[in-house]
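Here is the structure we will look at.
Each value in this text was obtained by applying a stated rule to the coordinates, not by laboratory testing. The structure presented is a predicted model; accordingly, all values stated were derived computationally and were not measured. Note that we place each Cβ from the backbone using ideal geometry, even for glycine, and neighbour counts take in every protein chain shown.
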Number of protein chains: 2
Amino acid sequence: MANRLTLWGIEGIPEIGRGDDLVALISGAIDAMAASDPDAALADGDILIVTSKIVSKAEGMQVPIAARELAIEEDTVRIVAERAHAGGITKIVETRQGLVMAAAGLDTSNVPDGLALRLPRDPDASARALCGALREKTGKRLGLIITDTLGRPWRVGQTDAAIGAAGVQLVDDLRGGVDANGRPLSVTVTVLADELAAAADLVKGKASRMPVAVARGLGKLVIDPESPGAKTLARLGEDDMFRFGSTEAYKRGYEAAMRELAAKKEKVK
Amino acid sequence: MANRLTLWGIEGIPEIGRGDDLVALISGAIDAMAASDPDAALADGDILIVTSKIVSKAEGMQVPIAARELAIEEDTVRIVAERAHAGGITKIVETRQGLVMAAAGLDTSNVPDGLALRLPRDPDASARALCGALREKTGKRLGLIITDTLGRPWRVGQTDAAIGAAGVQLVDDLRGGVDANGRPLSVTVTVLADELAAAADLVKGKASRMPVAVARGLGKLVIDPESPGAKTLARLGEDDMFRFGSTEAYKRGYEAAMRELAAKKEKVK
């Protein structure tokens, strides 16, 4: 089958701590798998999909749980929406990585007791470093995506998405292209990197210790490791029709009207 | 490799028209592939991922292009956000299928000249019918997902998501679960059905005629075909923090303040 895509999780990656050598640990685990299954050895065109959590851990992004709120504040560019619930307040924020997510991505699951974990400071830079080192170590033409789990409006739950990338064509831009009948395509930009992140989550799994997956069969997407990173996938600022939660935007409109009228009154006086 | 997921597109499905027998056409194309590659025959635990477009076509959801606006109106429960641009007005709406998407999913790409295509009226019912018939025809325990392409706030482009489903466990609900260290998981509900839809898009492709893919390796997710459908993935109403676009919500707040003040004035008189 020409258009076959295969994904599998890498077994045997240990719990990662500050300063661990991810390249050595990932390639070591792959070598161990390949010892009993030669197909598991990396090949040209393979794409590695790496959970951001292990990147954060290796990069030392742990903070004491008591400093969690401060870290959220530091990683927040602006608050998009807030909602109080039984467990506290959920803050949806824009992070400095260009992501919109709850609690700026601060996470306490799969993290040692007493600690919370921030996102990698610059996931694209982390991806470039990892991809470059793994290419050098293996001699193979590889791509690499760093993923995190994002909620989304209008649908329940979360899916994985690409927050860092190197050596992978991120989108299939069909704008200006034609369909099988030669007519213009109205669907425009397929985000392959997010689809790959989602696909890999199906074999990684969150409750197990399987933070890295390999995707084989999309070698045509593997490009120069200095290619644009996942930060280019953000659509914020002017183009963002959902810059604020509905409650927050309503409040801003209400308050603007009140201010206008107060100013008018002042003038009449 | 125990946790291996393989996906491939089904070749040889012809252009679909009103009334065509999708079950016969899909199983015929699979049989033709299996003739030269026995691995391509359906097996217990396989999940079929079907682009909604061919379901709509078979169900006769074509409308003349002149009736496009009327069809959008009919398929719209409420308008979420609007934005004028060079090509016209983009309307993001909530559809009667419980989706939030541009133009209520009305599409003109990969559709014969002069026609536009609506979404299947009830994608979960379509999925149940297709899944049931394919199970009966093949004697295999299959799952089936119907997909469409959705934009999303805060990120560029689109990814495929599940709009109809039968016989597939849609989510992995980790709430109350624990991580590899025995601590509570903060990520709660992984939406496997959307991750599968996204994964399948990587082998289907929009510009080619490959509207059906098979996913093999997630047989543990294949369940009773009368299981809950994809409509359960909608998070609308009270739980929706992005019920309106920021501009629309701002305007509502502004106008509410103006109305309040007008009412006060009226009282003073």
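When only alpha carbons of segment A:10-160 are considered, Rg and Dmax amount to 17.2, 52 Å. Remark: mean inter-chain Cβ contacts per residue of B:157-165 equal 5, using a 10 Å Cβ-Cβ cutoff to other protein chain atoms. Note on B:Glu15/A:Lys267: beta-carbon distance plugged into 1/(1 + (r/R0)^6) with R0 of 51 Å gives a FRET efficiency of 0.15. Per-residue shielding of B:252-260, expressed as the average number of other chain Cβ atoms within 10 Å of the residue Cβ, stands at 6. Between 0 and 90 degrees, the angle of helix B:22-36 with respect to the longest Cα principal axis of chain B falls at about 40 degrees. Spacing of the modelled spin labels on B:Ala24 and A:Arg96, each 7 Å from Cα toward Cβ, amounts to 6.3 nm. Remark on A:Ala234: its backbone amide H falls under 5 Å from those of B:Val156, a criterion applied only to residues 5 or more positions apart or on other chains, H modelled at 1.01 Å from N. Counting only alpha carbon atoms, the long axis of helix A:246-268 and the longest principal axis of chain A meet at about 30°.
Arranged from fewest to most other beta-carbon atoms within 10 Å of their beta carbon, A:Tyr254, B:Tyr250 become A:Tyr254, B:Tyr250. In chain B, the DSSP-assigned H stretches of four residues or longer account for a calculated mean residue ellipticity at 222 nm of -10000 deg cm²/dmol, using -39500 (n - 2.57) per stretch and the full residue count as denominator.
Each peptide among B:43-51, A:32-40 gets the average number of other Cβ atoms lying within 10 Å of its residues, and from highest to lowest they stand as B:43-51, A:32-40.
Peptide B:146-153 shows a mean partner chain C-beta count of 5 within 10 Å per residue C-beta. Using the Cβ-Cβ distance between B:Ser36 and B:Arg83 with R0 = 60 Å, the FRET efficiency computed as 1/(1 + (r/R0)^6) comes to roughly 0.75.
Using only the Cα atoms of segment B:78-222, build the gyration tensor, take square roots of its eigenvalues as a ≥ b ≥ c, and label the shape rounded, prolate or oblate: rounded if a/c is under 1.5, else prolate if a/b is larger than b/c, else oblate. Oblate. Sorted from shortest to longest, the distances between the B:Gly114 label points of this copy and the other copies are 7.6 nm, with each point 7 Å from Cα along the line through the beta carbon. Between the helical axis of A:192-204 and the dominant principal axis of chain A, each derived from Cα atoms, what acute angle in degrees is found, rounded to the nearest 10? Roughly 70 degrees, rounded to the nearest 10. Under 1.5 on a/c is rounded, so check that first for chain A, then, if it is not, pick prolate when a/b is larger than b/c and oblate when it is not; a ≥ b ≥ c are the square roots of the alpha carbon gyration tensor eigenvalues. Cα axes put chain A in the oblate bin. Working note: Cα atoms of the protein assembly as shown, range along each principal axis, descending, whole Å: 86, 61, 41. Of the two radii for segment B:186-269, the radius of gyration is 1.28 times the Kirkwood radius, both from the alpha carbons; that is the Rg over Rh value. When chain B is treated as a Gaussian network with alpha carbon springs shorter than 10 Å, the biggest mean-square fluctuation among B:Gly151, B:Gly87, B:Gly205 belongs to B:Gly87. Inter-copy label distances at A:Ile89, shortest first and taken from points set 7 Å along Cα to Cβ: 3.7 nm.
Near A:Arg141, once Lys and Arg are set to +1 and Asp and Glu to -1 for all other residues with Cβ below 12 Å from its Cβ, the sum equals -1.
The B:Thr232 and A:Glu73 beta-carbon pair, evaluated with R₀ = 25 Å, returns a calculated FRET efficiency of approximately 0.10. A label point on A:Gly60, set 7 Å along the Cα-to-Cβ line, lies at 6.9 nm from each of its counterparts in the other copies, closest listed first.
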